[in-house]
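No value in this document is a laboratory result; all are computed from the given coordinates. All values derive from a computational prediction rather than experimental measurement. Here the Cβ positions follow ideal geometry from the backbone for every residue, glycine too, while neighbour counts run over all protein chains shown.
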Amino acid sequence: MTDKDIAIVETSYRPGYETVADRIIELIQTTGLKPGDRLPTESSLGEQLGVSRAMVREAIKLLTARGYVRTRRGSGIYVTSTEQPLATAAIVLSMPVDHDHMLSLLEFRRLQEMLTARLAAERVTLSELRALENAVEQNKRSAEAGQWDQFIASDIEFHLGIARASHNQFLVDTVNETFRLQRWALKLVIGGTPGSLLLSAEQHAAVLTAIKQGDAEAAVKAMETHILTVQADYQNEVRRLLTSYGGGEQP
């Protein structure tokens, strides 16, 4: 990560590549690019935005998952949409603003990802399995090293990989948007709950094992356990913070 990348990350709780993705969308809109038009290269985008090529590459992956762009090997990056995908339009208007709202979002995510896990176990391809295995391995390494940004990036890639393996674009879009909305809660949990990174990595591995075995019921159960753990950690950390600051009714 370069000094410029660090500056991007430090301006917000959001990962730097997500901020860069937003800026690429702004670039598409302000320059009048239309679906089918080619974007500048990763290197050129990095120079224009003042970030590294690696940061741009991660942003492009995110935009691809959101349905804004697509890449062609040996050809470049192309605009596919200048509008927000239909599947995420309503969710964007539901940014969590309080504790109860966040719990509702986590409940939605639990049901949503239990479905993606089931479908992935039934529909996953060999190439999608390899991508999931790579995400789980990166997730484990970053958890062991305590690297928060890298952990979150591989965490998102894992869950998006499962959504892609469901072969349902609406699930891909909504899983991605749900992650964006709960970002601040994830940071709260990971920052305050000892061992949460390693436990989460272990739970990801359990979900992957069930998907590899084609066991839909086991995949659903493993995913439910994982999301319920995230929810419990979030609630416990909120209670701890309320107690430490001596204020308010505990949730």
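Tabulated values for the structure
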{"item": "Rough spin-label spacing in nm, given labels placed 7 Å along Cα→Cβ, for Arg57 and Ser44", "result": "1.9"}
{"item": "Proxy reagent accessibility, fewest Cβ within 10 Å first, across Thr209, Thr243, Thr19", "result": "Thr243, Thr209, Thr19"}
{"item": "Ranking of Tyr78, Tyr17, Tyr234 by count of other Cβ atoms within 10 Å, fewest first", "result": "Tyr78, Tyr234, Tyr17"}
